[in-house]
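The values are calculated or read from the model by the stated rules, or taken from the named source; none is laboratory data. Please read these numbers as outputs of a predicted model, since none were measured by experiment. Here the Cβ positions follow ideal geometry from the backbone for every residue, glycine too, while neighbour counts run over all protein chains shown.
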Amino acid sequence: MTEKIKNKYKEFFGGEYLLVRAPGRINLIGEHTDYNEGFVFPAAVGQEIQFAIGKSGDEDSCTLVSLDYDETFSFNLSELKPEPPDSWQNYILGVAAEIIKSGRKLQGFNLVFSGNIPLGSGMSSSAALECGTCFSLNELFELEISKLEMVKLSQMAEHNYAGVKCGIMDQFASMFGSKNHALRLDCKDLSYDYFPLNLETHTLVLCNSNVSHSLASSQYNIRRQQCEEGVKVLNQHFSGINSLRDASLEQFNVAKRDMSEVVQRRCKYVIEENIRVAEFAKALGANNLIAAGSILKKAQVAMRDEYEITCPEIDFMANFANSRDDIAGARMMGGGFGGCTLNLVIMEHVEGFISDLNVAYQEKFDKEITPIRINVANGCP
């Protein structure tokens, strides 16, 4: 992939360039808690996007080349505006816009990129594209932006240009990931600590349903609005509750009578998911993979029944895995409505599990899964 990017940059633009990488991520536990100022447990992975970037020699004009989409796109920094929804260009344009909005000066640039993060898998190719772009521009123009600010600028790019009101987990994991470690991140104050992933007898395997996130963006924003409705009700009963992170189950049980049934389910899920993150970290720290797997199973049921972000294909895959003795636990990973299941598998049973699941999935849905092996990697660059 690296040679392909380098050769394409030379072919299109010539001149000097920088090479930068930005990884995707997995999330072990803690879905949809980040925009509720809660806790998450992600890790950066070996699947990544690579960039070649150089100055265009012009104050204003920029050209982007996506090798994976086989598309070229040119624009002027003085005329930045979002492209239609779901355009890959928005993730890059948004980063440039946020950097300029922060008071820094950009000049024209050329950018070639390609990646091996499966699209629609829930591994955050969008965050990798944002973070890699931000890191590349910071290096190219010597902007002296800290990693933490790059994370925040990348998140705002997704809000303001891609139109997804995402939390900060994906960008944080892509930038701050550490090889063979997971991050326990507090999304309220952005404090974090690293947990060694010494699974020994087990390994993590993603199984891609190959179902696209056709509802993910719109439903993501709806879930966020529903959580905010719940916070308003909780705040009427208890002072100092500014997010679901601030609410206990006891407080929720008092206030829920004034919530709609659907808002009740959303709030219960988020509050209990934060508890599950703490329990999972404790189990992992004690190397109790049976307990960790049990927490994954509970999270899957809650995502299905309370947050309602799964789909028939994902439910089938998770149920199949969770019925087996060689799987400690499995759940859907990512924003929802497709993507992957995360499976904690006994190491010597990986091939048999993948084969059995694929046969069953084909019989049920007439399509194949795609297994994705995970190596936990460093974040940018």
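Odds and ends about this structure:
- Filtering region 81-106 to residues that are closer than 20 Å to residue 141 by Cα and buried (at least 16 other Cβ atoms within 10 Å of the Cβ) leaves 91, 92, 93, 94, 95, 96, 97, 98, 99, 106.
- Some residue of region 31-41 being in a strand (DSSP E or B), touching a strand residue (DSSP E or B) at 6+ places or on another chain (Cβ under 8 Å), in contact (Cβ under 8 Å) with a residue 24 or more places away in the chain and closer than 30 Å to residue 303 by Cβ: yes
- Residue in region 316-338 that is assigned by TED's automatic domain parsing to the domain that holds residue 263, surrounded by fewer than 20 Cβ atoms within 10 Å (Cβ to Cβ) and outside any loop (DSSP other than H, G, I, E, B) present: yes
- The condition of being touching a residue at least 12 places away in the same chain (Cβ under 8 Å), in a helix (DSSP H, G or I) and assigned by TED's automatic domain parsing to the domain that holds residue 321 holds for only one of 222, 271, that being 271.
- Screening residue 287 with (1) farther than 28 Å from residue 229 by Cβ; (2) in a helix (DSSP H, G or I); (3) not aliphatic (A, V, I, L, M) gives one miss only, at (2).
- Residues within region 220-237 that are more than 27 Å from residue 337 (Cβ to Cβ) and exposed (fewer than 15 other Cβ atoms within 10 Å of the Cβ), tallied: 1
- Some residue of region 165-182 being farther than 30 Å from residue 46 by Cβ and assigned to a helix (DSSP H, G or I): no
- Of the criteria (1) closer than 30 Å to residue 193 by Cα; (2) part of a loop (DSSP other than H, G, I, E, B), which one residue 15 fails: (1)
- Subset of region 42-57 [more than 20 Å from residue 190 (Cα to Cα) and assigned to a strand (DSSP E or B)]: 45, 46, 47, 48, 49, 50, 51, 52, 53, 54, 55
- Taking (1) crowded, with 16+ Cβ neighbours inside 10 Å; (2) of a type outside the set (Val, Ile, Thr); (3) within 27 Å of the chain's Cα centre (by Cα) in turn, residue 9 satisfies each apart from (3).
- Taken as a whole, the structure places residue 182 among residues that are crowded, with 20+ Cβ neighbours inside 10 Å, under 22 Å from the mean Cα position of the chain (by Cα), under 30 Å from residue 358 (Cα atoms) and not assigned by TED's automatic domain parsing to the domain that holds residue 276.
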